[in-house]
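*Asks:* Here you go, one structure.
The values are calculated or read from the model by the stated rules, or taken from the named source; none is laboratory data. Owing to the predicted nature of the structure, the values given are computational and were not obtained by experimental measurement. For neighbour counting, all protein chains shown are included, and Cβ atoms are generated from backbone atoms with ideal geometry for every residue, glycine included. Surface accessibility is based on the protein's heavy atoms, side chains included, excluding ligands, DNA and RNA. Shrake-Rupley method; radii C 1.70, N 1.55, O 1.52, S 1.80 Å.
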Amino acid sequence: MWGSRNNVNLLLLVTSKYEIKHLVGNFFSVFHRNTTNIFASDRKLTMLDWSKVFNEGPNLNLGEQILYTRNQEKILFTITKVNEKEFEYIISFTNISKCSALGENKTSLDDKSDIMMESNKMKQIFSIINKIAQVNSTVLILGESGVGKTMLAKQIHNSSPRVDHPFIAVNCASLPENLIESELFGYNHGTFTGGQKGGKRGLFEAANKGTIFLDEIAELPFSIQSKMLEILQSSTFRRVGGTENINVDIRIIAATNKNLKQMVEENKFRQDLYYRLNVVPINIPPLRERKDDIPSLVTFFLNKYNEKYSQDVRLNSKLESQLIEYDWPGNIRELENVIERIVVTNTDQIAELLDTPIQEKNNEPRVQSKEEGNILTEGLIPLKMAKKRLEKQLILRAYQMYGSTYQAAKALKVDQSTISKKLKEYNSN
């Protein structure tokens, strides 16, 4: 995978007729010379004089290739089809002269990112990221638990002009309700008994000039949602106990695994805040829908934990096939945990490491009932343990059947948040 410290420095947005529609980025940082007269709007790629820049022009039928400039700079050239209204292709130029190659056919847009792109779905998402990273629009990242929402938020930050400023990630669900406001917005001196002398700045102030990532945004109480709306509208807020407006220059990225639109209809989330957040929605597909990404992720995590534990574990072809076959209800987080266990235990008995063994996926349940809906157990076990086993079995089975926490919750007649939390609990054990 290619890692680039400067990320993608130049983007061309190209129509279906190969006409350059827009240019984004810095020509000089890529080519170390001004090429504005070569890559100009409305010019056709097929008519460009590539020889003024490269020793040999690109093959537009290849999605990714290495080009060399006339002064021997090494450029990663990527063309991706995105089917947008105004343009159909995104072409990126990345100067990788100082980067080391780990593989010629794989790309990672940033050496600070854990996300590896192999599937078309993720390549399209990264193409959108490269476009929106240059502006300050609010981004709402959607997807199941464990799909890599935090990593994607970091990628947006690292690809943006704010990269040299703070990236602050906040898990809204982990903040105690009575402290959320003071943690996010800070407080003035004397507001609380025992509070910090001189007051305390909040996370929004700490993220000034940079990016703040609000994970599990759906968990914010209504009272805090109104203050969030103020920041999105005017980039100002007041500390707890304060009277002065504080201005901040931040980019807000939010994420959730819940259906915010449904929560708005149920009066559980402010409609005005939802529309303010939903400027650029990005839906990350679950890992089971982009299995082309699994081999690269396996390689990445295997290298990571081999280095961490001073091991040299390698996977055989059978084990690799099993990892690709499995549906990964816990997504990337579950995959990473399993790879770490493989390295630590040095085992190839993958079935022992998964909550839902692979060999059971396409078979009938081990214990079948005479009446549909009943589940039997062998022998006597404590009732509390039986309830936990039954709950886990039903949730995992429903999730496997429907592939969605929303549909699984509907089938089991519980809240979607219950399914998400339980799956997270199973994957962390």
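*Asks:* Please go through (1) open to solvent by 60 Å² or more (accessible area, probe 1.4 Å); (2) modelled with pLDDT of 90 or more for Pro286 and return the number of the only condition it doesn't satisfy.
*Replies:* Among (1) open to solvent by 60 Å² or more (accessible area, probe 1.4 Å); (2) modelled with pLDDT of 90 or more, the lone unmet condition for Pro286 is (1).
*Asks:* Looking at Ile324, Ile246, Ile332 in this structure, which one is closer than 30 Å to Leu184 by Cα and either in the same structural domain as Leu152 (by the TED database) or in contact with a Lys or Arg (Cβ under 7 Å, 6 or more places away or on another chain) (or both)?
*Replies:* Going through Ile324, Ile246, Ile332 in turn, just one is closer than 30 Å to Leu184 by Cα and either in the same structural domain as Leu152 (by the TED database) or in contact with a Lys or Arg (Cβ under 7 Å, 6 or more places away or on another chain) (or both): Ile246.
*Asks:* Next question. Considering the stretch 143-186 alone, what residues qualify as being of a type in the set (Val, Ile, Thr) and either under 25 Å from Pro329 (Cα atoms) or open to solvent by 10 Å² or more (accessible area, probe 1.4 Å) (or both)?
*Replies:* Scanning the stretch 143-186 gives Val147, Thr150, Val163, Ile168, Val170.
*Asks:* Where in the stretch 1-75 are there strands (runs of 3 or more DSSP E), lying fully within it, with 1 or more residues that are over 15 Å from Tyr89 (Cβ atoms) and modelled with pLDDT of 80 or more? First the steps, then the outcome.
*Replies:* Details: elements: 10-14, 20-25, 64-68.
Passing ranges, in order: 64-68.
*Asks:* If you don't mind, another one. What pairs can you find where one residue is in the stretch 221-236 and assigned by the TED database to the domain that holds Lys209, the other is among the charged types (D, E, K, R) and assigned to a helix (DSSP H, G or I), and their Cβ atoms are less than 8 Å apart, with a gap of 6+ or different chains?
*Replies:* Ser223/Glu181; Ile224/Glu181; Lys227/Glu181; Leu229/Asp272; Leu229/Arg276; Leu232/Arg276; Gln233/Arg276; Thr236/Glu230
*Asks:* Residue check: is Phe222 at pLDDT below 90 and open to solvent by less than 30 Å² (accessible area, probe 1.4 Å)?
*Replies:* In short, no.
*Asks:* Among the residues of the stretch 40-73, count how many are at positive phi and in contact with a Leu (Cβ under 7 Å, 6 or more places away or on another chain).
*Replies:* Here is the first cut: in the stretch 40-73, the residues at positive phi are 42, 72.
Now drop any that are not in contact with a Leu (Cβ under 7 Å, 6 or more places away or on another chain), which leaves none.
Within the stretch 40-73, residues that are at positive phi and in contact with a Leu (Cβ under 7 Å, 6 or more places away or on another chain) number 0.
*Asks:* Given Ser310, Ser321, which one is open to solvent by 10 Å² or more (accessible area, probe 1.4 Å), hydroxyl-bearing (Ser, Thr, Tyr) and outside any helix (DSSP H, G or I)? Even if it seems obvious, please write down each step before you answer.
*Replies:* Working: Ser321 fails: outside any helix (DSSP H, G or I).
Every option except Ser310 fails the conditions.
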